[in-house]
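S.K.: Structure provided below as structure tokens; questions to follow.
The values are calculated or read from the model by the stated rules, or taken from the named source; none is laboratory data. Bear in mind that the values here come from a model prediction, so they are computed numbers and not experimental data. When we count neighbours, we look across all protein chains shown, and the Cβ atoms used for this are built from the backbone with ideal geometry, even at glycine. When the accessible area is computed, the model is the full protein with side chains, heavy atoms only, and any ligands, DNA or RNA have been set aside. Shrake-Rupley method; radii C 1.70, N 1.55, O 1.52, S 1.80 Å.
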Amino acid sequence: MQPVLQWGPSAAGGGAYWSVASWYVTSGGQAFHTNLVRVNPGDTLIGVMTLTGQSGSQLSYASEFEGIANTRLPVQNIAELTGCNETLEAYGIDACGNYPDAPLAQFTEINIRTR
């Protein structure tokens, strides 16, 4: 489960632009995602994953981008999520010229907090 910043087309859609969506991929390979929302260079993006409930050993979570409508993906009654990572996903890249014409893509002020 993760909030994703992507460049290029994925199974959720997309193209030669930046977009965000929340994704959940099962261990069996099933993928669920919100619709893509286009974002712009220079936008501040805050991805949030929240534990929303627990029933025995089954947990419920939500993934979203703070302040960006339609990026919330709730997932109920799954095994505990135990890994954390920060990822930029790029699709359809076979040469440097396929990336956006920008000097860099900054990932700054990355924080992992538990509550």
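S.K.: Pull out all pairs, ordered by first then second residue, where Cβ-Cβ is under 7 Å, the residues are six or more apart or on different chains, the first lies in the stretch 95-115 and is on the phi < 0 side of the Ramachandran plot and surrounded by 10 or more Cβ atoms within 10 Å (Cβ to Cβ), and the second is assigned to a loop (DSSP other than H, G, I, E, B) and among the small types (Gly, Ala, Ser).
M.R.: Listed by first residue and then by second, the contacts come to Asn98/Gly92.
S.K.: I'd like the full set of residues that are under 21 Å from Ile93 (Cα atoms), open to solvent by 30 Å² or more (accessible area, probe 1.4 Å) and hydroxyl-bearing (Ser, Thr, Tyr), limited to the stretch 12-37.
M.R.: Across the stretch 12-37, the qualifying residue is only Tyr17.
S.K.: Inside the stretch 62-89, can you point out the residues that are of a type in the set (A, V, I, L, M, F, W, C) and in a loop (DSSP other than H, G, I, E, B)? Show your work before the answer.
M.R.: Going residue by residue through the stretch 62-89, those that are of a type in the set (A, V, I, L, M, F, W, C) are 62, 65, 68-69, 73, 75, 78-79, 81, 84, 88.
Across the stretch 62-89, the qualifying residues are Ile68, Ala69, Ala79, Leu81, Cys84.
S.K.: From the set of residues in the stretch 38-90 that are open to solvent by less than 60 Å² (accessible area, probe 1.4 Å) and among the β-branched types (Val, Ile, Thr), which is farthest from Phe107 (Cα to Cα)?
M.R.: So, considering only residues that are open to solvent by less than 60 Å² (accessible area, probe 1.4 Å) and among the β-branched types (Val, Ile, Thr), the one farthest from Phe107 (Cα to Cα) is Ile78.
S.K.: Please find, within the stretch 90-101, the residue that is modelled with the highest pLDDT out of those that are in a loop (DSSP other than H, G, I, E, B) and over 22 Å from Ala12 (Cβ atoms). Break it down into steps so the answer makes sense when it comes.
M.R.: Residues of the stretch 90-101 that are in a loop (DSSP other than H, G, I, E, B), as a first pass: 91-95, 99-101.
Next cut, over 22 Å from Ala12 (Cβ atoms) only: 95, 101.
Values: Ala95: 83, Asp101: 75.
Among residues in the stretch 90-101 that are in a loop (DSSP other than H, G, I, E, B) and over 22 Å from Ala12 (Cβ atoms), the one modelled with the highest pLDDT is Ala95.
S.K.: Okay, next question. How about the stretch 61-77: which of its residues are touching a Pro at 6+ places or on another chain (Cβ under 6 Å) and closer than 12 Å to Tyr24 by Cβ?
M.R.: Filtering the stretch 61-77 for residues touching a Pro at 6+ places or on another chain (Cβ under 6 Å) gives 62-63, 65.
Of everything in the stretch 61-77, those that are touching a Pro at 6+ places or on another chain (Cβ under 6 Å) and closer than 12 Å to Tyr24 by Cβ turn out to be Ala62, Ser63.
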